[in-house]
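This report refers to the structure that appears directly beneath it.
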Amino acid sequence: MLSGAPARAASRPPVVVAGRYRLLDQVGTGGMGSVWRARDERTGDHVAVKVLGRHSAALLARFVREQAVRVRHPHVVAPHGWAAEDDLVVLAMELVPGGSVADLLRERGPLDAGTVGVLVEQLLLGLAAVHAAGLVHRDVKPANLLLEASAHGEPHLRLGDFGVAAPIADRRFTTVPGAIGTDGYMAPEQARGALPEPTQDLYAVGRVALEMVTGLRPDRQRDVPSHPLRPLIERLLVADPAQRLATADAALRLLRRLDLPEPQCAPVPDRLGPAPRGRRTPAGAGVGTRTDWAGWLAVAGLVGVVAGCLCLLLGWAP
């Protein structure tokens, strides 16, 4: 969800969206638009806000799918709110300031076996919760594995970006031809357009683990080298899904049987730094103004659109 280096938008959205989220600074880009650090004017908390500006029907469908995810777990970052104003739609979620595993690999190269074990275990715990909720993530890759900033101790991983997540083995998500996911991390059957299954996410875990071990992206990976994590990685990267580890829990059990060294974890830096100072909107300010009413009318209109899209996506009849 968040990239390591902030990227500026071509045009800045309004400072306060829908009377609630005060945008402070752009901290990255996502599949659906720009990502901003914002202050929730209702709670005072800093949050990450994904801003979807001009949008196609396909992009709106991704938004509907992502905002519908409600998985609460220490190793998952899912949206906890949304809002709309005029042509802007935003998703709000927890702010994770430590960058991503992609940043970590870019800076440090291959990681020690102990640290890889810690990160893979946390990823599998998050996926177990996602799969228990009846979802397949379908885009497990280093850029979507966010890290909490820490002064010391083990890194804390959070699985994010549910824009292409889908219900397990749901034929209603096969209307778009072709594979859905990221090249190199998709299981062979997923690349052929197979229905969503948890084993596809587990194959991606194997690709991510091999990348953390070797420092090589999937297009440069070859055989799994001799390594303490080799037994797990080989079982995850089996081409036949029927022979692959079937569940995240099974992968966790195998991982915990391996003799791994103590992690040599360096602290995860805060890549965002202090939040820019911004004036808080006074309580009640703008209530009853034309802009305020326009924002709420836009929200009401979007509720109808989202409800309609959900009915179509989930197969509900009116």
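The values are calculated or read from the model by the stated rules, or taken from the named source; none is laboratory data. Just so it is clear, the model here is predicted, and its values are computed rather than measured. For neighbour counting, all protein chains shown are included, and Cβ atoms are generated from backbone atoms with ideal geometry for every residue, glycine included.
At-a-glance table
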quantity	calculated
Residues (assigned to a loop (DSSP other than H, G, I, E, B), of a type in the set (A, V, I, L, M) and either under 19 Å from Arg158 (Cβ atoms) or modelled with pLDDT of 75 or more (or both)) located in segment 6-46	Val15, Ala18, Met32
Output for segment 114-135, where each listed residue is surrounded by 21 or more Cβ atoms within 10 Å (Cβ to Cβ) and in contact with a Cys (Cβ under 8 Å, 6 or more places away or on another chain)	Thr115
Pair list, Cβ under 8 Å, 6 or more apart: segment 157-169 residue part of a loop (DSSP other than H, G, I, E, B), other residue among the polar types (S, T, N, Q)	Gly160/Asn144; Asp161/Asn144
Breaking point among (1) surrounded by fewer than 18 Cβ atoms within 10 Å (Cβ to Cβ); (2) out of contact with any Ser or Thr (no Cβ under 8 Å at 6 or more places or on another chain); (3) under 26 Å from Arg108 (Cβ atoms); (4) modelled with pLDDT of 95 or more, for Arg257	(3)
Subset of segment 230-255 [of a type in the set (A, V, I, L, M, F, W, C) and in a loop (DSSP other than H, G, I, E, B)]	Leu237, Val238, Ala239, Ala242, Leu245, Ala246
Residue within segment 146-167 that is closer than 29 Å to Gly81 by Cβ and among the hydroxyl-bearing types (Ser, Thr, Tyr) present	yes
Which numbered condition Arg138 fails, given (1) surrounded by 23 or more Cβ atoms within 10 Å (Cβ to Cβ); (2) at negative phi; (3) not in a helix (DSSP H, G or I)	(2)
